[in-house]
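Working notes, beginning with the structure itself.
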Amino acid sequence: MMIATWYAIVSFMLITYIALDGRNFGAGMLHWFVAKTPEERRQVIAAIGPLWSWHEVWLVAFGGTLLAIFPRLLASAFAGYYLALFLILWCFILRGISIEVGGHINDRLWQGFWDFVFVVSNFLLAILFGAAAGNVARGVPLDAQGNFSMAFFTDFKTCGYVGLLDWYTVSIAIFAMVILAAHGATYLTLKTDGAVNYRSSRLAKYLWMAVVPLFLLISIETFVVRPDLPGHAVYNPFWYLGLLLVAASIVTLISGLSTGRERRAFVGSKLMLVGLLVTGAAAIFPVMLYSTLAPENSLTAYNVAAGVNSFLFACIWWPLGFALTTLYFVFISRRYAGKVSVSRDSQGTY
Amino acid sequence: MDSNLYDPAFWSRLQFAFTIIYHYLFPQLTMGLAGFLVYWKWRALRTGDEKYNRAVRFWAKIFGLNFAVGVVTGIPMEFQFGTNWSEFSKYAGGVIGQTLAMEGMFAFFLESAFIGALIWGEKRLGPRYHLLAAIGVALGSWLSAFLILVTNGFMQHPVGYQIEANGTLGIASLSAYLLNPWALIQFAHNQMAALVTGAFVVTAVGAFYALRGIHSTQAGLYLRTGTFVGLVASLLVAFPTGDQQAKMVGRHQPVTLAAMEGKFTGGPMAGVAVIGQPNIGARRLENPIEVPGALSFLAYGTFQSYVRGLDEFPEDQWPDNIELLYYSFHLMITLGTLFIMLMMVANFQRWRGRLQSSTWLLWVLMLAFPFPYIANTLGWMTAELGRQPWLIYGLFHTRDGFSKVVSNGDTIFTLIGFTGLYFVLGLLFLYLTGREIAHGPDGEVVPGAGEEVIA
């Protein structure tokens, strides 16, 4: 029970991270396509501007909690995904820097260069996170000790000694890229005005339309790669919660997009991400990392958990930390509500 | 030493050392500056004097640049626990994960929620909330240091833990773990050292403007606040915090103390070497010049106290790089002493009212700012090299902690990647910070002239 609760908490933190930073990946990928002039580009950056580090903290807090509660999982997964994780880290560095320094100098070349870094790092982040999600669903070549190490690619098949990329994980990565772009477009529609708003709202519709066939495709693929999953999922109440969220999000999203209600569309889009991730997290439970070599090597929440005291003590500080975080969230949502405005001084744009 | 190059632990250690040393160049300034920002913002609110607000606005920009680089270089640190030190994470994750998670939940959320408000929110928030934002950011950055030092304190001096049924470490007492005496002293020592960095940087910028004869009101403010905080903090770094830290090492890691001081043989009236190079092969300190009895007194309270030498410990318990440890420690002490002397002279001149006019002193103050960074780094090298060969002192060896599944090829690749990326990041940071400093605080009205000075 305790372990299942903490699985839910840890999943909640990761899902919150994706729901928050996903908009930044999306907005970043679309940066070139929705914003043409330097002023418009500053608008997109300002929509992400002061909060990207707050969003990234969710990932950091998730990592710390995972280490405290499921140390063996973190150890095995991080060492196994070695190169992929460092690519993600470097992209994070480049993205953070491009947001922060791009506006410091009002110069076409300077801003053009950082816009390029910004777009590329966000594309890579969306793709890498998508591939990572695909890897969790498909499984990794865990040995009997619960360790694995993986190359970027091997033979592109989904069983045995798999690589990070194969036909399945690549399609999940593409799906992630498109849905996050759709989410980002919906977000930019909400946060901007003028030409950026117009282009984003048009793009949002096309991208969400593209999500539908891709989603059907990856659902079928997932069933082919992991035929055992639906059998577990139907016994998990959270799986139904996830499906419910997805259903609710479809209604909200469609009504928001078709009537031009920007806030409603964004809420729907966020619900969609959350719903899909909840469905996924519930479907794989209690397995946290599936073994493509032998199912009995899989790491489950039960065999990677820390000692019972680690759980008990985390039960003391986590709710307190979460309450404070909610408080900051209220502060942030009030302070940064509404459309963004770009202001500048003699040293650059903020 | 050639065999090191085949050792996976060596490459993972090198990568961790490089990335953490680089990372810590930024938080030490943000933690130090945070104190200045809160103080000036508070003075601005109390006195209504606009010069304090100008100072906050200017330094908040420098703070923001440091904060951003600190954030992006900080995330790799947490990841490396899993990627490069997975055996250590498996063994101790249940304990150290607690504080790493708490750092995110309590410190980083607080800092990152208010950083935007601090840098860009002055007009929208009003002075009171702007002060609150400054306090939030300062509190967050110091809290994050505390939680990281609890983590490090556990690795230096493990307390409050138990061995679980599966052989890994678990927490026995959260309060014992969080209130580890080692961590408390190390925190005090470390935070004072961060204030030294902040003070020296603020002073150096003040001296730079004073020497060029521009921004004279701001220059005066930076010099006054900077030298005052600089003196207090550099005294506190040495005594009581540094002194207590050394006593702690003497009590719990006696072999480390012997290595730090290059003491190959034990005895009473142990001296502190002012000059001397350790020669491990010959087991002696070459051409030593010692202050007799000083080490006995400093570490254990009397000149007659017996200080144990390296020869009293089995060689496999010796720190594995005694030379580097010895130099780190000694250079740190030397620099710390020079900081106190320099700040004493500066405060004497300030008391005489001649701080802004003594050109030679301003030159020294301007050029002195890199040295606290060096001293902070050396202090951390002393702590971490001194802990070797243990990852968790007395419990877990460093050679057992690295990820067995990660090949040297992978680690060297990422090390090269970090080297390149951080080099570019460093250039960028220096360029942008230099640009902000060259631009200076907002133009100020020269008394009498009644016109904006545009620098």
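Computed values, structure above
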read-out	value
Matching entry among A:267, A:251 (being in a helix (DSSP H, G or I), more than 24 Å from residue A:13 (Cβ to Cβ), β-branched (Val, Ile, Thr) and more than 14 Å from chain B (Cβ to nearest Cβ))	A:251
Count of residues meeting criterion [in contact with a Gly (Cβ under 7 Å, 6 or more places away or on another chain) and either touching a residue at least 40 places away in the same chain (Cβ under 8 Å) or among the acidic types (Asp, Glu) (or both)] in segment A:294-342	4
Looking only at segment B:217-260, and only at residues there that are in contact with a Lys or Arg (Cβ under 7 Å, 6 or more places away or on another chain) and surrounded by fewer than 21 Cβ atoms within 10 Å (Cβ to Cβ), the one that is farthest from residue B:387 (Cα to Cα)	B:217
Test: residue in segment B:64-80 that is under 23 Å from residue A:307 (Cα atoms), part of a helix (DSSP H, G or I) and either more than 19 Å from the chain's Cα centre (by Cα) or aliphatic (A, V, I, L, M) (or both)	yes
Search result, residues across segment A:91-107 that are more than 16 Å from residue A:132 (Cα to Cα), part of a helix (DSSP H, G or I) and in contact with a Pro (Cβ under 9 Å, 6 or more places away or on another chain)	A:93
Flag for residue A:234 being surrounded by fewer than 18 Cβ atoms within 10 Å (Cβ to Cβ), within 19 Å of residue A:171 (Cα to Cα) and either more than 20 Å from the chain's Cα centre (by Cα) or among the β-branched types (Val, Ile, Thr) (or both)	no
Residue identified as more than 14 Å from the chain's Cα centre (by Cα), farther than 27 Å from residue A:311 by Cα and without any contact (Cβ under 8 Å) to a residue 60 or more places away in the chain among A:105, A:99, A:88	A:99
Neighbours by Cβ (under 6 Å, 6+ apart or cross-chain): first from segment A:17-40, closer than 18 Å to residue A:206 by Cβ; second buried (at least 24 other Cβ atoms within 10 Å of the Cβ) and of a type in the set (Lys, Arg)	A:35/A:41
Test: residue in segment A:121-137 that is over 26 Å from residue A:285 (Cβ atoms), away from chain B (no Cβ under 14 Å) and more than 23 Å from the chain's Cα centre (by Cα)	no
Residues satisfying the stated conditions in segment A:23-78, i.e. over 23 Å from residue A:137 (Cβ atoms) and outside any helix (DSSP H, G or I)	A:35, A:36, A:37
Options B:208, B:228, B:239; residue that is part of a helix (DSSP H, G or I), at pLDDT 85 or above, under 23 Å from residue B:44 (Cα atoms) and not polar (S, T, N, Q)	B:228
Residue list for segment A:38-77, restricted to those being of a type in the set (Phe, Trp, Tyr) and within 7 Å of another protein chain (Cβ to nearest Cβ)	A:54
Residue B:331 surrounded by fewer than 20 Cβ atoms within 10 Å (Cβ to Cβ), among the aliphatic types (A, V, I, L, M) and touching a helix residue (DSSP H, G or I) at 6+ places or on another chain (Cβ under 7 Å)	yes
Segment A:78-90: number of residues that are more than 7 Å from chain B (Cβ to nearest Cβ) and surrounded by 23 or more Cβ atoms within 10 Å (Cβ to Cβ)	1
Exclusive hit being assigned to a helix (DSSP H, G or I), within 10 Å of another protein chain (Cβ to nearest Cβ) and surrounded by 23 or more Cβ atoms within 10 Å (Cβ to Cβ), set B:108, B:154	B:108
Selection from segment A:153-178 of residues that are of a type in the set (Gly, Ala, Ser) and outside any helix (DSSP H, G or I)	A:160, A:163
Criterion: part of a helix (DSSP H, G or I), polar (S, T, N, Q) and closer than 25 Å to residue A:301 by Cβ - qualifying residue of A:197, A:135, A:122, A:147	A:135
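Quick grid of which residues meet (1) of a type outside the set (Gly, Ala, Ser); (2) under 30 Å from residue B:361 (Cβ atoms):
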position: B:255; (1), (2): yes, no
position: B:267; (1), (2): no, no
position: B:274; (1), (2): yes, yes
position: B:281; (1), (2): no, no
position: B:300; (1), (2): yes, no
position: B:304; (1), (2): yes, no
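The values are calculated or read from the model by the stated rules, or taken from the named source; none is laboratory data. Since the model is a prediction, treat every value here as computed from it, not as a measurement. Neighbour counts run over all protein chains shown; Cβ positions are idealised from the backbone, glycine included.
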